[in-house]
Amino acid sequence: MTLAASLDALLAATDVDARLAADPVRFAHRYEDPRDIEVAALFASQLAFGRVASFARPLDLILAEADEAGGPYAWIRGFDAQQPTVLATLNYRWIWPGDFLAVATGLRRVLEAGPLASHFRGDTAAEALSAGIGRLADELPSPTRGMTAFLASPRSGSACKRWCMFLRWMVRPSDGIDFGLWTHLSPARLVIPLDTHVHRIALLTGLTERKTANWRTSEDVTRALAAIDPQDPVRFDFALAHLGISGACTGAYEPSICPECALTTLCRVGGARRRTRQTAGHTKKPARSR
Ligand code: SF4
C-alpha cells in the first residue's frame, strides 16, 4: 500500500468523536463565538502537555471562571491581576500562579491592540508564529521557566508543538476538529505539531529520518506529507497523534494491533514482522514439497 493510501486508511479508521474526548481541542469546542474559541484554544493548546486528565483540571477551572465573566474573550478583556482570580491559585507542572497571571495580563494587552489573528501575520507558519508569540512576549515581564514554556518560538529552533497545534486549529478548514477561523494563512503553509507520538510514527514509517524533535524535523515531516497533499499536509496530524495517544502504537510490535494497523505495510516494526513471516512461509514451502 502506498503512503497516501495508508494515511487515508488511517484517517478513515480514526474514530474522531471518541478521540476528541481525549484531545485538548475539545475545550475550544465548548464555544461558538470565534473570539471565545481563540482564547479557549490558546489556553488549551499551551497547557496540552502531560496526560489529558492532568491538564483538564486547570483548564476546567480557568474556563469556569471565564464563563462566569461572559466567556473567555470577555473574561480576558476585563482581566485584572489585582482582583481575585483562580489563576492566582493555579499551578501546572512548571507553570506557576505568577506565570498564569502574567500571560493573562499580556494576552489582554495583545487583544486591546487588535484581534488575535492580526498578530499572527506572515506567509509561513514560522513567520506567523514568531510574530504572534513575539507580540505576546513583548507584553510579559522577564520570562520565568513557566513563561518560557508558553513562548517557545520557531526562532529558537523548537518544534513548538503546542503553538503549531493552536495554528492548525485556527487555520485548517472546519471539519469537526479544526475551526478554519483564520483565512489569512493557507493550510498549505502549516507545519505539523510534532509531539512524541507523531515523531515516533514518522520515524517508523519513513516520513523522516531525523531523530531530534525540533523545528527542522517538523518541517521535514510536513514536506513528506505535502508530497501527498500539498494543499493540506497537516490534515493527517490528528490521526497520527491519536494512534499514539490512544495507546495503540507504542513503537513496539504488538500482535493484537500491528497487523491491523493502517500503516503496517510502511512501518519498520509492523511491516518487518509481516515480511519476516512471509519470508519464513516462503522458505518453508519448498521444504514441505520435498
Ligand atoms: S504497525 Fe504497529 S508499530 Fe507500526 S505504526 Fe502501526 S501500531 Fe505503530
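The values are calculated or read from the model by the stated rules, or taken from the named source; none is laboratory data. Note that the structure is predicted; figures quoted are calculated from it, not measured. Virtual Cβ from ideal backbone geometry, glycine too; neighbours counted across all protein chains shown.
Contact annotation: residue pairs with Cβ atoms under 6 Å, 6 or more positions apart or on different chains, pairing a residue in segment 36-64 that is part of a helix (DSSP H, G or I) with a partner that is at pLDDT below 90, are Gln46/Phe150; Pro58/Tyr92.
Go through the residues of segment 191-198 one by one and say whether even a single one is in contact (Cβ under 8 Å) with a residue 24 or more places away in the chain and more than 11 Å from the chain's Cα centre (by Cα). No, that holds for no residue. Every listed requirement among (1) assigned to a helix (DSSP H, G or I); (2) of a type outside the set (Val, Ile, Thr); (3) more than 16 Å from the ligand (Cβ to nearest atom) is met by Ala241 save one, (3). Of all the criteria given as (1) farther than 19 Å from Pro141 by Cβ; (2) of a type in the set (Val, Ile, Thr); (3) in contact with a Pro (Cβ under 9 Å, 6 or more places away or on another chain), the one not satisfied by Val25 is (3). Could you check segment 196-230 and list, in sequence order, the residues that are of a type in the set (Ser, Thr, Tyr) and part of a helix (DSSP H, G or I)? Across segment 196-230, the qualifying residues are Thr196, Thr205, Thr217, Ser218, Thr222.
This table checks each residue for (1) within 12 Å of the ligand (Cβ to nearest atom); (2) modelled with pLDDT under 95.
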residue: Ala227; (1), (2): no, no
residue: Gly247; (1), (2): yes, yes
residue: Glu254; (1), (2): yes, yes
residue: Leu263; (1), (2): yes, no
residue: Ala272; (1), (2): yes, yes
residue: Gly281; (1), (2): no, yes
residue: Arg290; (1), (2): no, yes
